[in-house]
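J.: Okay, handing you the structure first.
The values are calculated or read from the model by the stated rules, or taken from the named source; none is laboratory data. Note that the structure is a prediction, hence the values are computed from the model and not measured. For neighbour counting, all protein chains shown are included, and Cβ atoms are generated from backbone atoms with ideal geometry for every residue, glycine included.
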Amino acid sequence: MSIDDDPLPSSIQIQVFDKDMVGEDDSLGQVEIPLDQITTTYQAKWYPLSVGQGQIYLVIKKIRDPLKAKNSSPNVGIKPGILKYLITLILALSFIACFLGSILAHALAAILEFLAAVFVRFTIRAFTGFLVKFDFISIRPGKVTEIAISGLQIQNPNGSYKSPYFLRLDRLDIHIKPSSFFQSPTRVITVPVLRVDGLTLYTEKAKSPLVSIGSRQAELLNIWGFLGASPLDENEKSEELRTKLAKIQASSAQCMQQCFQRAKIAEERGLLPKSAMGLNIKFLIDCLLITDLNLYLKDLIADLAGGTDGTGEHEYKPVEIGHILMDVDDFGAEPLWIVDLVKLILPKFITHIPVSSILTSSVSAAGSTLFDKPSKAQKALKENTDKVQDRLFGANWPLYHGTDETSSLV
């Protein structure tokens, strides 16, 4: 029934008649229902008639759209009854199967992540002898592949180091678009997000079996311990250690020379610029976020400045950097060659590290005589920094050697 009156009446009247075969139908009474008592959901109710003792059972609701009201019907369950139980059972079993499948998939992914971490740890240990730990490594392929490494910890090399580890990384998240690598002649690695959380680095100088003065073990910075011996150390070494260090330096120099040679050939042919380092890959980074950095750098700076002993810095407060954030405004909208990328990122770190302010305290704690002449300590720091770069990467290393960046360190 539709009501087209404007304005709407306050109530509706329903009259009830009997059905006579002969003559007119007789009225059995009527019922009046106020419109404000009718809701938009079905209501079933007995209504008394105005004449006699009769009642009428009505199922009624309010619908503002007459066409919709014409095609609507009261809410009823699925019939026959056995059908609704069958459908409910099928849906319940489907839900349980999907739920168990989801649990199985997550369990399988966890097992694979654990095995990946064990594989990486064993491989590094087998080839280098260094102990590296992971909580897990997760790789989620897709249009944007997500790589997550949690709980990365690199232990100190052998020696009497007291710091709990060399490096600790709580979490590393890398998002990469694999498709961008194949879309142009110049390979572009697109990284929408690169995030590093909770990075702690200990540089510590302590007695090491890798260096000795006569029959006595000498102190060695743990960074140099990963390389076999210090590029700065000129003390007596056994022939085995000399050979080992020479191989490391020769391999590093050969690798860098090959890179420069490829870069030179590519530049001469007009194929690649020098900043590509002979590598036909560009990097497009949208966001780089590094949070919660704790850097213990006194022993490193003291060692470069000529300090003879460790400072015991691991017992004191580190250099703390809350966060370093770089986005499209810093990197630009165009892909960058590897050297250009490093040149953008490195100054961000250097500006957050108070090298000058900790130089004096670190050299003093290390027992260096250079402390009496700060300018001489700064000169030694610069010279030894250049020396390390030349010994490890070759004299043509483009990031620092012969540029103003080195002098900015002090």
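J.: For the stretch 109-167, which positions are more than 23 Å from Val196 (Cα to Cα) and either surrounded by 16 or more Cβ atoms within 10 Å (Cβ to Cβ) or β-branched (Val, Ile, Thr) (or both)?
T.: Correct list: Ile111, Thr123, Thr128, Pro157, Gly159, Tyr161.
J.: Out of the residues in the stretch 203-223 meeting the condition of being among the basic types (Lys, Arg) and at pLDDT 75 or above, tell me which one is surrounded by the fewest Cβ atoms within 10 Å (Cβ to Cβ). Steps first, answer last, please.
T.: Residues of the stretch 203-223 among the basic types (Lys, Arg): 205, 207, 216.
Among the residues that remain, those that are also at pLDDT 75 or above are: 205, 207.
Details: Lys205: 29, Lys207: 16.
Taking the candidates together, the pick is Lys207.
J.: Looking at the stretch 117-147, which of its residues are among the small types (Gly, Ala, Ser) and in contact with a Phe, Trp or Tyr (Cβ under 8 Å, 6 or more places away or on another chain)?
T.: Keep residues of the stretch 117-147 that are among the small types (Gly, Ala, Ser), which gives 117, 126, 129, 138, 142.
Correct list: Ala117 only.
One line per residue, one yes/no per condition, for (1) at pLDDT 85 or above; (2) buried (at least 18 other Cβ atoms within 10 Å of the Cβ); (3) not in a helix (DSSP H, G or I):
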| site | (1), (2), (3) |
| --- | --- |
| Asp303 | no, yes, no |
| Leu325 | yes, no, yes |
| Glu334 | yes, no, yes |
| Lys343 | no, no, no |
| Lys348 | no, no, no |
